[in-house]
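The values are calculated or read from the model by the stated rules, or taken from the named source; none is laboratory data. As the structure is a computational prediction, the values presented were derived from the model and not from experiment. When we count neighbours, we look across all protein chains shown, and the Cβ atoms used for this are built from the backbone with ideal geometry, even at glycine.
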Amino acid sequence: MKYSQTIGVVAALLLIICCYLPWSYIYSQQVTVTGVNAAVLTFGRPALTNIFVSSLMILFFLVPKIWAKRVNVFLGAINLAWSIRNYIVVSTCVFGECPEKKPALYALVLLAVATQLMSFFPQIPIKEKE
């Protein structure tokens with residue numbers, strides 16, 4: 001794909017932005033949960049790993065070396081797994097009460113899938129032998 005690296009960078013940036021948006025709302029505690037707030041003590045800051053890994057992925061999308069593209073596939077898998085973990089942890093029903101899921105929680109997983117897919121299609125210049 002011609003624009004896979006650009007799409008990957010944009011998706012990773014949007015994923016970082018999604019970490020600061022509301023993920024869910026818990027009615028009983030009147031708390032809006034985001035990826036970086038510490039308002040709910042049991043959640044902590046689940047998006048810090050996503051932010052760190054997405055930042056590394058942006059760097060490796062921009063480096064035109066084969067090792068960077070291979071590392072990016074591995075980082076994309078970690079990012080996707082952590083996004084799915086965050087979705088499960090933040091949206092799980094506890095004691096019969098289910099939080100209201102916000103669109104940023106869905107976008108987090110979709111953007112992690114997009115960065116993973118774009119890491120599968122690196123744009124690497126091929127040197128021809130004479």
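Only a single criterion out of (1) farther than 30 Å from Ile126 by Cα; (2) surrounded by fewer than 22 Cβ atoms within 10 Å (Cβ to Cβ); (3) touching a Phe, Trp or Tyr at 6+ places or on another chain (Cβ under 7 Å) is not satisfied by Phe52, namely (3).
Residue count for the stretch 75-100, restricted to those that are in a helix (DSSP H, G or I) and of a type in the set (D, E, K, R): 1.
Could you run through the stretch 101-130 and say how many residues are over 17 Å from Ile84 (Cα atoms) and surrounded by fewer than 16 Cβ atoms within 10 Å (Cβ to Cβ)?
Quick first cut of the stretch 101-130, residues over 17 Å from Ile84 (Cα atoms) only: 118-130.
Among the residues that remain, those that are also surrounded by fewer than 16 Cβ atoms within 10 Å (Cβ to Cβ) are: 120-121, 123-130.
The number of residues fulfilling the criteria is 10.
Look at Ser91 and say whether it is more than 20 Å from Leu13 (Cα to Cα) and either out of contact with any Ser or Thr (no Cβ under 9 Å at 6 or more places or on another chain) or surrounded by fewer than 22 Cβ atoms within 10 Å (Cβ to Cβ) (or both). Yes, satisfied. Among the residues making up the stretch 20-49, those that are loosely packed, with under 14 Cβ neighbours inside 10 Å, more than 23 Å from Gly8 (Cα to Cα) and either without any contact (Cβ under 8 Å) to a residue 40 or more places away in the chain or under 16 Å from the mean Cα position of the chain (by Cα) (or both) are Gln29, Gln30, Ala38, Ala39, Leu41, Thr42, Gly44, Arg45. Every condition in (1) modelled with pLDDT of 95 or more; (2) surrounded by fewer than 14 Cβ atoms within 10 Å (Cβ to Cβ); (3) touching a Phe, Trp or Tyr at 6+ places or on another chain (Cβ under 8 Å); (4) not β-branched (Val, Ile, Thr) holds for Met1 except the one numbered (1). Only a single criterion out of (1) small (Gly, Ala, Ser); (2) surrounded by fewer than 17 Cβ atoms within 10 Å (Cβ to Cβ); (3) within 18 Å of the chain's Cα centre (by Cα); (4) under 28 Å from Tyr25 (Cβ atoms) is not satisfied by Gly96, namely (3).
Can you pull out every residue in the stretch 60-74 that is outside any helix (DSSP H, G or I) and not β-branched (Val, Ile, Thr)? Walk me through it before giving the result.
Of all residues in the stretch 60-74, those outside any helix (DSSP H, G or I) come to 63-65.
Hits for the stretch 60-74 are Pro64, Lys65.
For the stretch 101-130, a residue qualifies if it is closer than 17 Å to Ile58 by Cα, not in a helix (DSSP H, G or I) and not β-branched (Val, Ile, Thr), and the qualifying residues are Phe120, Phe121, Pro122, Gln123.
Table: residues versus (1) outside any helix (DSSP H, G or I); (2) touching a Ser or Thr at 6+ places or on another chain (Cβ under 7 Å); (3) among the aromatic types (Phe, Trp, Tyr).
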| residue | (1), (2), (3) |
| --- | --- |
| Lys2 | yes, no, no |
| Ile7 | no, no, no |
| Val10 | no, no, no |
| Leu13 | no, no, no |
| Tyr20 | yes, yes, yes |
| Ser24 | yes, yes, no |
| Ser28 | yes, no, no |
| Thr32 | yes, no, no |
| Val36 | yes, no, no |
